[in-house]
Amino acid sequence: MSDEQRLAELGYKQELRRKLSGFSNFAISFSIISILAGAITSYSIAMAAGGPMAITLGWLFVGGMVTLVALAMAEVCSVYPTAGALYWWSHALARRNKAAWAWFVGWFNFLGEIAVTAAIDFGAAITTMAFISFNFGPEVTPERTFLVFLVIIVLHGLLNTFGVNLVRILSDISAWWHLLGVAFIVGVLAIVPDRHKPLSEVFFEVHNATGFTFAGAAVYAVLIGLLMAQYTYTGYDASAHVAEETHDAARAAPRGIVMSVVVSVIAGFFLLTAITWSIQDYEAARTTALGLPPAQIFIDAAGEQLGIWLLFVCVVAQFFCGMASVTANSRMAFAFSRDGALPGSRWWRKVNPRTGTPTNSIWLCVACSTLLVVPSIWNSTAYYAATSIAVIGLYISYVAPVLLRRLRPDFQPGPWNLGRWSPVIGWAAIVWVGVIGVLFVLPPASPITPRTFNYTIVAVAVVLGGAWLWWRLSARHWFTGPQSTVDTD
């Protein structure tokens, strides 16, 4: 059966251009996970909360759990390779209240996509600002970082507007840039520094700079520090969101989901071990005026000139990462609007006939992500909050269809499936998402002030409350879930 026929069976005509290979599908998710983005820009979170243990062993532990989530998602994706992905799967798998499941999962996915795009591009702005400061001397300030963020996210909107062919080419380049870039950074940090930390400290040393001093605060810090890894392992649902643009989607999209995570676990472990192994002065790196500890570590360990080149590798990788995130984000918004769920859906569902891209949805996502980053100008934990929102919003939407699949003994697996391991993997994934849903709304620092307040719970509550209120007052009367666009003939 052709991809177009399968899509028609699921209720949609082919509107987006099917130009992506299996590698390109993998490359988009791998680029969004981007170990040279998330692991670099959120490194400071784990340095303060947990230290080397949270950075290295925490990365492996979280990576193992996320692999289970990815496997469980991929099995569902193989059956339903549509751009709507998670909310579409929830509608198809729910026994009752199908429209309600689709509505709430869709809104959590939309929130998570917006937040992860905001966090990626804000992180890219932090790294770019550090690079600019090293080379040209301007002081790093919240206002300047925000202006750099604006430039980056507008460029990402423009690149996505030009068409899927350009996105495909840049995503393929991005995958290789990440792999070769990690190899280059690891090689330099292994050979050049005059001294390294003992490996026992790299894997087992614990730091607690959260301000909490109660009994067990060190353990609490390590758990909070897992956000670095958990945030980095987000966005791999992109392989599902671009399924309608991928050849042999029922196999290629699930493989893209899983392999993007597995490759990131392995490459990221070597990267983070090398960076942590190379720390010359822990406190100086953690409190650097650049706002980016890895940048200071590169300079201290490899010298200024070579360190700047290592930072440049990260700057380019993070730019690619944000571009891919806008791609996935806009496809989700397009699909959700195609089914009438977003305000102004008739605008966001339009496909540009010249480029074959959902241009309006692209700029909707750019605008919403920008609004989420505005608090960074005055709130020092805004980046932490954006990463937490991304993690919670996305993982709730990731695990909902997995739960519904586990409650459907009549589920018919697709060509890519887990066989007899499906129940064990599925339930383990569900439990893990429940744990992180609690963990990352907890306060990350003490004392709790307006500048350190974790507004994750507020943002999630606002979206959930708004979606519930809209559902009760209006949407339940007209939102029926995915709407077929296939002609009856």
Condition check for Ser484: over 30 Å from Leu226 (Cβ atoms) and polar (S, T, N, Q): yes
Those residues of segment 408-422 that are exposed (fewer than 14 other Cβ atoms within 10 Å of the Cβ) and closer than 11 Å to Leu68 by Cα come to a total of 1
Which is over 24 Å from Trp177 (Cα atoms) and either buried (at least 24 other Cβ atoms within 10 Å of the Cβ) or touching a residue at least 12 places away in the same chain (Cβ under 8 Å) (or both), of Ala367, Ala335, Ala295? Ala335
Exclusive hit being of a type outside the set (Phe, Trp, Tyr) and in contact with a strand residue (DSSP E or B) (Cβ under 8 Å, 6 or more places away or on another chain), set Pro409, Pro444, Pro482, Pro450: Pro444
How about segment 182-200: which of its residues are crowded, with 18+ Cβ neighbours inside 10 Å and in a helix (DSSP H, G or I)? Val182, Ile185, Val186, Val188, Leu189
Does Ala229 qualify as being outside any loop (DSSP other than H, G, I, E, B) and either within 14 Å of the chain's Cα centre (by Cα) or surrounded by fewer than 24 Cβ atoms within 10 Å (Cβ to Cβ) (or both)? yes
Anything in segment 168-198 that is over 26 Å from Met259 (Cα atoms) and either in contact with a helix residue (DSSP H, G or I) (Cβ under 6 Å, 6 or more places away or on another chain) or touching a residue at least 12 places away in the same chain (Cβ under 8 Å) (or both)? List them, or say none. Val188, Leu189, Ala190, Val192, Pro193, Arg195, His196, Lys197
Which of the residues spanning segment 1-49 are surrounded by fewer than 23 Cβ atoms within 10 Å (Cβ to Cβ), among the hydrophobic types (A, V, I, L, M, F, W, C) and within 21 Å of Gly414 (Cα to Cα)? Met1, Ala8, Leu10, Phe23
Just a yes or no: is a residue in segment 309-316 over 24 Å from Ile45 (Cβ atoms) and either of a type outside the set (Gly, Ala, Ser) or in contact with a Phe, Trp or Tyr (Cβ under 9 Å, 6 or more places away or on another chain) (or both)? yes
From the residues in segment 338-352 that are more than 19 Å from Trp470 (Cβ to Cβ) and in contact (Cβ under 8 Å) with a residue 40 or more places away in the chain, which one is farthest from the chain's Cα centre (by Cα)? Asn352
Here is a check on your reading of the model: is Ile257 within 19 Å of Trp89 (Cα to Cα), touching a residue at least 12 places away in the same chain (Cβ under 8 Å) and buried (at least 22 other Cβ atoms within 10 Å of the Cβ)? yes
Total residues in segment 427-469, condition touching a Pro at 6+ places or on another chain (Cβ under 9 Å) and of a type in the set (A, V, I, L, M, F, W, C): 1
Scanning segment 373-419 for residues that are touching a Ser or Thr at 6+ places or on another chain (Cβ under 7 Å) and aromatic (Phe, Trp, Tyr), the one modelled with the lowest pLDDT turns out to be Tyr383
Are there helices (runs of 4 or more DSSP H) fully within segment 77-167 with at least 1 residues that are under 17 Å from Ala367 (Cα atoms), touching a Cys at 6+ places or on another chain (Cβ under 6 Å) and touching a residue at least 24 places away in the same chain (Cβ under 8 Å)? List them. 98-136
Please specify each residue of segment 446-474 satisfying the condition of being modelled with pLDDT under 80 and of a type in the set (Gly, Ala, Ser). Ala459
Of the residues that make up segment 268-280, is at least one in contact (Cβ under 8 Å) with a residue 12 or more places away in the chain and under 17 Å from the mean Cα position of the chain (by Cα)? yes
From the option list Ala92, Ala85, single residue qualifying as at pLDDT below 90, hydrophobic (A, V, I, L, M, F, W, C), touching a Pro at 6+ places or on another chain (Cβ under 9 Å) and under 14 Å from Pro401 (Cα atoms) is Ala85
What number of residues in segment 111-139 are of a type in the set (Asp, Glu) and more than 21 Å from the chain's Cα centre (by Cα)? 1
In this structure, is Ala400 surrounded by fewer than 19 Cβ atoms within 10 Å (Cβ to Cβ) and part of a helix (DSSP H, G or I)? no
Would you confirm whether any residue within segment 278-295 is touching a Leu at 6+ places or on another chain (Cβ under 6 Å) and modelled with pLDDT under 95? yes
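To keep it simple, each residue is scored yes or no on (1) among the acidic types (Asp, Glu); (2) in contact (Cβ under 8 Å) with a residue 24 or more places away in the chain; (3) closer than 24 Å to Trp89 by Cα.
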site: Thr210; (1), (2), (3): no, yes, no
site: Thr234; (1), (2), (3): no, yes, yes
site: Glu245; (1), (2), (3): yes, yes, yes
site: Ala252; (1), (2), (3): no, yes, yes
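The values are calculated or read from the model by the stated rules, or taken from the named source; none is laboratory data. Keep in mind that this is a model prediction, so the values were computed, not measured. So basically every Cβ, Gly included, is an ideal-geometry build from the backbone, and we count neighbours across all protein chains shown.
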